[in-house]
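Some notes on the structure that comes next.
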Amino acid sequence: MASDESKARRRRQIAEAVWRLAGREGLEAVTLRQVADEAGVSMRLVQYYFGNRTALLLAALEILNEDAETTAQQRIGALGNDISTRQLVRAILMELLPLDEDRRRRYVVQSAYFVRFLTDPQLQEIARTADPALESLLASILSADPATASDDAFADAELLIAFAFGLQAQMLLEQLDEPHALRLLDRILDRILGG
């Protein structure tokens, strides 16, 4: 029987195949057979680890998001404990921007998922009822600092995240370059947190 570690490696290998296909072709035409071929495993193995196509797509997205969260925590943790609320909020929002090739690839894949979620009622329901964890995190950071606390920190967090996602889309389409996007990010931070 395979160890938990080897199972996790195999699941990741298959998830990475989903990401590559999604990045190249979108998710609409991705099949279990294509994923198996891309991962270099049998279709039976894909079914063993994930069951059906919907479960595979959701699990691959979950693994992608877990990776992103781990990497973001490492980058933000490297800033140290002696940073201002504004610096912390800015660092979190910068994790939503395609500032390097790894994040760019991730957001292209997530965009493919976004299109899929728009057309699949089952996936729409999952997205609609998802826990607003990032919004809650930012709201708690803003509320904890008397200088940034407001009557509705959650709405401020929602606004900042929506703004960052807008920047993300424009950067992926190369409508904004990194320096311009970061200037705009600083401008919205000035408006919400004060200059």
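Need one word for the stretch 49-195: rounded, prolate or oblate. Basis is the Cα gyration tensor (sqrt eigenvalues a ≥ b ≥ c); a/c below 1.5 gives rounded, then a/b vs b/c decides. Mind dumping the intermediate values first?
Working: a/c = 1.79, a/b = 1.57, b/c = 1.14.
Prolate, since a/c reaches 1.5 and a/b exceeds b/c.
Place a +1 charge on the Cβ of each Lys and Arg in the stretch 96-140 and a -1 charge on the Cβ of each Asp and Glu, then give the dipole magnitude about the Cα centre in debye, rounded to the nearest 20. List each step's numbers first, then the result.
Numbers: 6 positive and 7 negative charges, 30 e Å.
Using Cβ point charges on Lys, Arg, Asp and Glu, the stretch 96-140 gives about 140 debye.
Please list 126-139, 14-27 highest first by mean number of surrounding beta-carbon atoms within 10 Å per residue. List each step's numbers first, then the result.
On the way: 126-139: 13.4, 14-27: 20.0.
Packing order, densest peptide first, comes out as 14-27, 126-139.
Given the DSSP H assignment, sum -39500 (n - 2.57) over each helix run of at least 4 residues in the chain and divide by its residue total; what's the result at 222 nm in deg cm²/dmol, nearest 500?
My calculation for the chain gives -25000 deg cm²/dmol from helical runs alone.
From the backbone phi of the stretch 128-145, what are the Karplus-calculated ³J(HN,Hα) couplings (6.51 cos²θ - 1.76 cosθ + 1.60, θ = phi - 60°) in whole Hz, Gly and Pro given as x?
Ordered by residue, 3J(HN,Hα) equals 5, 9, 5, 5, x, 4, 5, 4, 5, 4, 4, 4, 5, 5, 5, 5, 6, 9 Hz.
Out of the total accessible area of the stretch 97-195 (probe 1.4 Å, heavy atoms of protein only), what percent is carbon and sulfur? Write out the running numbers ahead of the final one.
Numbers: 3150 of 5710 Å².
Here it works out to 55 percent.
Determine the per residue accessible area of the stretch 147-187 with all protein chains present and a 1.4 angstrom probe, expressed in square angstrom.
58
Name the long-range amide H neighbours of D120: under 5 Å, sequence gap of 5 or more, or other chain; modelled H, no Pro or chain starts.
none
Averaged per residue, what accessible surface does the stretch 16-68 expose to a 1.4 Å probe, in Å²? Spell out each step's value before the answer.
Values: 2570 Å² over 53 residues.
About 48 Å² of surface per residue is accessible.
The values are calculated or read from the model by the stated rules, or taken from the named source; none is laboratory data. No experiment lies behind these values; they were computed from the predicted model shown. Every residue, glycine among them, receives a Cβ derived from its backbone with ideal geometry; neighbour counts consider all protein chains shown. Each accessible area value is taken on the protein alone, full model and side chains, heavy atoms only, with ligands, DNA and RNA left out. Shrake-Rupley method; radii C 1.70, N 1.55, O 1.52, S 1.80 Å.
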